[in-house]
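The values are calculated or read from the model by the stated rules, or taken from the named source; none is laboratory data. Keep in mind that this is a model prediction, so the values were computed, not measured. Reconstructed Cβ throughout: ideal geometry from the backbone, glycine too, with neighbour counts over all protein chains shown.
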Amino acid sequence: MSLVAVLLRCGLLLWLLSQCLLPLQAAQDDNSASLSLSSVHIATGLWPGFTEPDEQGAYFHLITLLFPGETQFKVSYTSFNRSVQMVEHQQADMVLGIGLKDSVGLLYSALPFDIDQVAVLFQPERLQIQQPHDLTDQLIATQRGYNYDMVLGISAQSYEVDSIATGLNLLRSGRVDAFLVEKAELHAKADIKLLDGISIVLLGGEQIYIGFANNQRGQELKAWWDQQFLHYYHTEQLQALYQQYEEMHLPELSRYQ
């Protein structure tokens, strides 16, 4: 076989190989394009110390640790209910800090990243509460959208309020028997004068997750987040982050394996 013929045959083989690789490369390009991390839209409530208006706080610190440094975040600050609804309606990519009972239309991160400390407030001269069962048949106030009565398995008539101040005023005026609230948020938002003479008892904890839109992008973001969180779980960076924010609690991984 002549040298020219050999070169032509090698050239043909190389061309055929390149054509076989084109679909694989295209698929890889499509996958990387489908999970663009250049911009991520987050919906969240405003929680002092956790989600500050300037994108500071414990939750944003965690997000910036896990996401690439070049990621730009579009943050919609709104009420807790509205932030959940935005992601359910696919108007945002992810919502921060939701419990398993807060939505049936979202994709949840595989692991929780925080634990809410659920507290009950009551007037000790009217009743004594040490456990959730003590609230049976009482009239209680709860923060709108937080579902702490469901989390604790309480069979009681509940009244939703839009603010901690409203809940405390209802309690102090005797219009409700008890008020369920998240401990860290209570300490951050409550007027200290309104807590005078009020007993505060921790009743339990609720695991807190990231919620993702139930679409292809949400599925890919969830898979990416799950991998990143698991990767960082035992690292010094993540441990140091949780030590910096004493009100944020890192769940024990062994409970979810």
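A few notes on this one:
- Scan the stretch 199-237 for residues that are among the hydrophobic types (A, V, I, L, M, F, W, C) and over 16 Å from the mean Cα position of the chain (by Cα) and the total you get is 4.
- Subset tally (residues that are of a type in the set (A, V, I, L, M) and in a strand (DSSP E or B)) for the stretch 34-50: 3
- Flag if PRO48 is more than 14 Å from the chain's Cα centre (by Cα), more than 23 Å from LEU230 (Cα to Cα) and either of a type in the set (Ser, Thr, Tyr) or assigned by TED's automatic domain parsing to the domain that holds TYR232 (or both): yes
- Residue among LEU221, LEU194, LEU250, LEU238 that alone is closer than 30 Å to HIS133 by Cα, of a type in the set (A, V, I, L, M, F, W, C) and assigned by TED's automatic domain parsing to the domain that holds PRO48: LEU250
- Counting the residues of the stretch 66-79 that are farther than 18 Å from GLU185 by Cα and either assigned to a loop (DSSP other than H, G, I, E, B) or of a type in the set (Asp, Glu) (or both) gives 5.
- Boolean, ILE63 is under 16 Å from ILE210 (Cβ atoms), of a type in the set (A, V, I, L, M) and part of a helix (DSSP H, G or I): yes
- Candidate set: the stretch 60-69, residues that are buried (at least 19 other Cβ atoms within 10 Å of the Cβ) and free of Cβ contacts under 8 Å to residues at least 40 places away in the same chain; chosen: the one nearest to ASP93 (Cα to Cα): ILE63
- Of the residues contained in the stretch 145-152, none is found to be among the aromatic types (Phe, Trp, Tyr), within 20 Å of ILE98 (Cα to Cα) and in the same structural domain as HIS89 (by TED's automatic domain parsing).
- Here the helices (runs of 4 or more DSSP H) wholly within the stretch 145-255 that include at least 3 residues being free of Cβ contacts under 8 Å to residues at least 60 places away in the same chain are 148-151, 164-172, 216-232, 236-244.
- Any chance GLY105 is farther than 25 Å from TYR232 by Cα, outside any helix (DSSP H, G or I), small (Gly, Ala, Ser) and in contact (Cβ under 8 Å) with a residue 40 or more places away in the chain: yes
- Selection from the stretch 117-144 of residues that are surrounded by fewer than 19 Cβ atoms within 10 Å (Cβ to Cβ), of a type in the set (S, T, N, Q) and not in a loop (DSSP other than H, G, I, E, B): GLN117
- Selection count where residues are modelled with pLDDT under 90 and not in a loop (DSSP other than H, G, I, E, B), scope the stretch 80-102: 0
Matching residues to (1) buried (at least 20 other Cβ atoms within 10 Å of the Cβ); (2) touching a helix residue (DSSP H, G or I) at 6+ places or on another chain (Cβ under 6 Å); (3) more than 25 Å from VAL104 (Cβ to Cβ):
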| residue | (1), (2), (3) |
| --- | --- |
| GLU160 | no, no, no |
| SER173 | no, no, yes |
| GLN207 | no, no, no |
| HIS231 | no, no, yes |
| LEU238 | no, yes, yes |
| GLU247 | no, yes, yes |
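- Unique residue being in contact with a helix residue (DSSP H, G or I) (Cβ under 6 Å, 6 or more places away or on another chain) and modelled with pLDDT of 50 or more when the list is PRO48, PRO68: PRO48
- Within the stretch 100-116, the set of residues being surrounded by fewer than 21 Cβ atoms within 10 Å (Cβ to Cβ) and closer than 28 Å to GLN244 by Cα comprises LEU100, TYR108, SER109, ALA110, LEU111, ILE115.
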